[in-house]
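Only one structure is covered here, and it is reproduced in the block below.
The values are calculated or read from the model by the stated rules, or taken from the named source; none is laboratory data. Note that the coordinates shown come from a computational prediction; the quantities given were computed from them, not determined experimentally. Counting neighbours? That spans all protein chains shown, and the Cβs are built from the backbone with ideal geometry, glycine included. Just the protein is used for accessible areas: all its heavy atoms, side chains included, with ligands, DNA and RNA removed. Shrake-Rupley method; radii C 1.70, N 1.55, O 1.52, S 1.80 Å.
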Amino acid sequence: MADPMEAMKKEFENRIIPPSWKDRVWEIEDYRKFHEDTIKDKESIEKWWEKWANEIFWFRKWDRALDDSNPPFYRWFVGGETNLAYLCTDWQIEQGRKNKVAIIWEGEPVKENGEPVEVRKLTYYDLYRESNRIAAMLKDKLGVKKDEILTFYLPMIPELPLFMLGVQRIGAKHSIVFSGFSAQALAVRIMDAGARYVVTADGVYRRGKVLNLKAIVDDAVKICEQEGHKVEKVIVVKRAGNEIPWNDSRDVWFEDLMADIGKNVKVECEKMGSEDFSFILYTSGTTGRPKGAQHSVGGYAVHLYTTMKLIFDIKDDDIFWCTADIGWITGHSYIVYGPLMCGATTMMYEGAPDFPDVSRWAAMIERYGVTIFYTAPTAIRMLMRFPEENYTKYDMSTLRIIHSVGEPINPEAWRWYYRVFGREDVVCSSTWWMTETGGMLTDHFPGLGKIIPLKPGTNGYPIPGVRMEVLDDEGNSVKPGERGYLVISTPWPGMLMTLFKDPNRFIDVYFGKYKSKGWYYYTGDFAMFDEDGYVWVLGRADDILKVAGHRIGTAEIESAMVSHPDVAEAACVGKSDPVKGEIPIIYVVLREGVEPSPDMVNELKKHLRATLGPVVASDAVITFVNTLPKTRSGKIMRRLLRAVAEGKELGDVTTLESEVAVEEAKKAYEMVK
Ligand code: WTA
C-alpha cells in the first residue's frame with residue numbers, strides 16, 4: 001500500500017460536493033467559527049450539549065450539565081435521571097411510534113430451495129413487550145439485581161437487543177462479548193465482571209455453517225470454575241437447532257424461562273442516575289489484560305442522540321443499517337441504542353458480506369430500501385476486488401448517507417464507495433471514534449442542514465462541542481500536514497466514565513501521556529490536520545492492531561502464544577494489508593528441543609484460535625526465529641520486526657544487541673511472505 005500519509009495529503013485540497021447538496025455547503029471559515037463558539041469555554045460546551053439533552057426524555061432533568069471538579073472523572077447531566085430502555089421503547093410509543101418497525105432482522109440465506117430468506121420485523125411495541133417480559137423474567141425468576149452485570153455471548157439475532165433492553169429496564173448492566181471470541185477470552189471477561197449469568201444461543205449461521213456457541217460457553221464456564229468463579233446459570237436462546245452439550249443443573253432454555261411470563265407483563269423502568277453506569281465493554285489495550293470501558297447512562301444517551309441527528313441526519317422515514325456486530329461498540333451504539341432512541345428503523349443481519357456471494361449487502365440495500373449505511377473500510381476493500389456489476393445490478397438509489405468506521409479509509413476505497421454505493425451523490429465520510437468515546441466524534445454534519453465539503457479519506461471536522469489537537473511527544477501542536485498524536489482536550493458526554501474496577505489504569509492510559517500539560521485525553525492514534533482544520537487519522541501509534549477493523553493488542557497475541565508449552569518467546573507486529581488493513585505477524589522462539597515445522601505452525605494457530613478466537617487466528621502469520629532482536633537492556637525491538645515485515649529501512653539500530661537477530665527475522669519473514 002502507498003504511504004497512507006502521503007496518499008491522504010494529496011487529497012487536502014480536493015473538496016467534493018455531492019450535487020444534491022450544492023446549495024447547502026458551509027464556508028469552512030463559517031463552520032470554523034460555529035465550531036469554535038461551541039468550545040470557547042466550559043459554559044459554551046455545556047450550552048451546546050444541553051441543547052441536545054433537552055430533546056430527549058428525562059424522568060428528572062439535570063442540575064448541572066458538566067461537573068469537572070474531579071478530572072478526569074467528568075460527570076455529565078448530574079442529578080438527571082433517565083433510562084436507555086425507556087428512551088428506546090416507552091418514549092417511542094409515547095411519541096406515536098407504537099406500530100412502527102423498530103428492527104428488521106435478516107437471517108443468513110441458508111436455504112437453497114428458493115424459499116425467501118428468513119426475516120423478522122419487530123415493532124416498537126414488540127420491543128416494549130418483549131423487553132418487559134425479559135425484565136420480569138430476570139427479576140422474578142433469576143433474582144437479577146439492579147447493578148448486577150450479566151455477560152452476553154450472543155450472535156446477531158433480535159434476542160440480543162431484547163436482552164440489552166431488558167437489562168437496562170431493571171437497572172442491571174451488560175457486558176457483551178463478541179461471539180467470535182474464544183472460550184478463554186470469554187472466561188476472562190465473565191470472571192472480571194463477576195457475572196453469575198451468561199446468555200448465549202445454541203448456534204449461529206455463518207457462511208453456510210453452524211457455529212456451536214453453546215459448546216464454547218461450556219468451555220468458558222469450566223475455565224471459570226477452575227479459577228474459582230461459579231456461573232450459576234447459562235441461558236440458551238434457540239437459533240440454529242444444532243446439537244449442544246447440556247448440563248441440567250445449570251443450563252436453561254430461554255423459551256422455557258419465558259413460557260409462563262405473561263404477554264403484557266410490565267416492569268417498572270428504573271430511574272437511573274445520569275451518572276450510573278449502563279454497561280461495560282471490554283476492549284484491547286497495550287497490555288495483555290483487556291480493559292472494561294465503563295459507560296454512563298445520561299451522557300452516553302445524549303451523545304448518541306446528538307450524533308444520530310448530526311452525523312446520520314436521522315429522520316422518521318429512514319431505514320438505517322450499520323453492518324457491525326453488536327459485540328463491538330459500533331453495534332452497541334449504532335445498531336441498538338442510537339437508532340432506537342431516535343425512533344428509527346434499524347437493520348441487523350446474520351451472516352457475512354460475501355455469503356452466498358458478494359452481492360448480499362447490495363441486495364439487502366435494495367430489498368429494504370436502506371437510506372443510511374454504515375460499514376468498515378476492510379469490507380469495502382474486500383468488495384472492491386469483485387466486478388462492480390455485483391453491486392450496481394441492484395438499485396441502491398435510496399442511499400443518501402454512507403459512512404465508514406473502524407480504521408482509516410484510503411482515498412481509493414473512499415472513491416469506490418462513493419461511486420459504486422453512493423452514485424457520487426451522497427454524504428460519504430469516515431467517522432472517527434473509539435470504544436472509549438462512546439460515539440462518533442468527527443464528520444461533515446449533514447444534520448446541521450448543510451455540510452462541510454467531503455474529501456476522500458478524511459475524517460472531516462471534530463464535532464461541535466469537542467476540541468481535538470494533534471501534538472508531538474513534548475505536547476506541542478504540530479503544523480497542518482505534519483503527523484502527531486491525536487488528543488481530545490475537552491470532555492464530551494459519551495466518554496467512558498472509567499475502566500471497570502481500575503480507575504488508576506484509566507488515568508494512566510488515557511491521561512498519562514500529557515499529564516504535565518493538563519487533562520488531555522490521549523487517543524493512541526497518529527493523525528494530522530489540514531489547513532481547513534479537517535482531521536486525518538493515520539492509524540494506531542501504539543501496540544494495538546486493527547485487523548479487519550477488529551481491535552486487538554499485540555500483547556494479547558504474545559501472551560496467548562507464550563501460554564503454549566512449546567513457545568519460549570513471541571513478538572507480534574502489524575503489517576499493512578490491502579484488504580484487512582493490518583495483519584498480525586508473529587515471530588516465535590520455540591523452546592529448546594522443539595523443531596519448527598508446518599505442523600508446529602498449525603498447532604500454534606490452533607492454540608491461538610482456542611485462546612483468542614478465530615478473528616485473530618485466521619489472519620495471523622506465524623514464523624520461527626532462534627532469537628528476537630532486543631535492545632541491550634533486553635527490550636524486544638518491535639519496530640525492527642515491523643520494518644522487516646514492511647520491507648522498510650531499519651532506521652536507528654544503535655541500541656540493538658545483536659544484528660544476527662535481525663538477519664534471522666528477515667529470513668524468517670521471507671519464508672512466510
Ligand atoms: C480506529 C471503533 C480512522 C482508530 C469505533 C481508533 C479509525 C480505533 C476510525 C478504535 C476512522 C476508528 N478512521 N481510524 N473513521 N474509526 N478508528 O475501539 O485507530 O474498536 O483508535 O472503536 O479504531 O477502535 P474501537
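Data for the structure
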read-out	value
Charge dipole of the range 445-564 about the Cα centre (unit charges at C-beta), most positive-ward option of ILE463, ALA555, VAL509	ILE463
Order by protection proxy (mean Cβ within 10 Å, highest first), peptides 234-244, 336-346	336-346, 234-244
Dipole of the chain [Lys/Arg +1, Asp/Glu -1 at C-beta], most positive-end residue of MET434, TYR417, LEU656	MET434
Of all DSSP beta bridges in the chain, antiparallel share, percent nearest 5	60 percent
Length gained when the stretch SER658-ALA7 is fully extended (0.36 nm per residue, less Cα-Cα span)	230.8 nm
FRET efficiency, 1/(1 + (r/R0)^6) with R0 30 Å, evaluated for ASP425 and GLU50 via beta carbons	0.30
Helix-derived mean residue ellipticity, 222 nm - over the chain, DSSP H n ≥ 4, -39500 (n - 2.57), to 500	-8000 deg cm²/dmol
Percent RCO, i.e. relative contact order, over the chain, from Cα pairs under 8 Å lying at least 6 residues apart	14 percent
Efficiency of FRET from Cβ geometry, THR398 and ASP30, R₀ 30 Å, rounded to 0.05	0.45
Average accessible area per residue (Å²) across the range 237-359 - probe 1.4 Å, nucleic acids and ligands excluded	31 Å²
Virtual spin-label span in nm between GLU649 and ARG483, 7 Å along Cα→Cβ	1.3 nm
Potential lengthening between GLU595 and VAL672 on full extension [0.36 nm per residue; Cα-Cα distance subtracted]	26.0 nm
Efficiency of FRET between SER633 and LYS606 - r from beta-carbon atoms, R0 35 angstrom, step 0.05	0.50
Added length on full extension, which subtracts the Cα-Cα distance from 0.36 nm per residue, LYS146 to ASP357	71.5 nm
Portion, in percent, of the accessible area of the chain that falls on carbon or sulfur, probe 1.4 Å	48 percent
Dipole magnitude of the chain, debye to nearest 20 (Cβ charges: Lys/Arg +1, Asp/Glu -1, about Cα centre)	840 debye
Contact order normalised by residue count of the range 38-151, Cα under 8 Å, 6+ apart, percent	15 percent
Pairwise label distance in nanometres, ASN476 with ASP316, each label 7 Å out on the Cα-Cβ vector	5.6 nm
Set LYS606/LYS648; LYS230/LYS501; LYS61/LYS271; LYS98/LYS309 screened for pairs whose C-alpha atoms are more than 23 Å apart	LYS606/LYS648
Whichever lysines have a C-alpha closer than 16 Å to that of LYS546, once near sequence neighbours (fewer than 8 apart) are set aside	LYS575, LYS580
The range 474-523, relative contact order [Cα under 8 Å, separation at least 6], %	46 percent
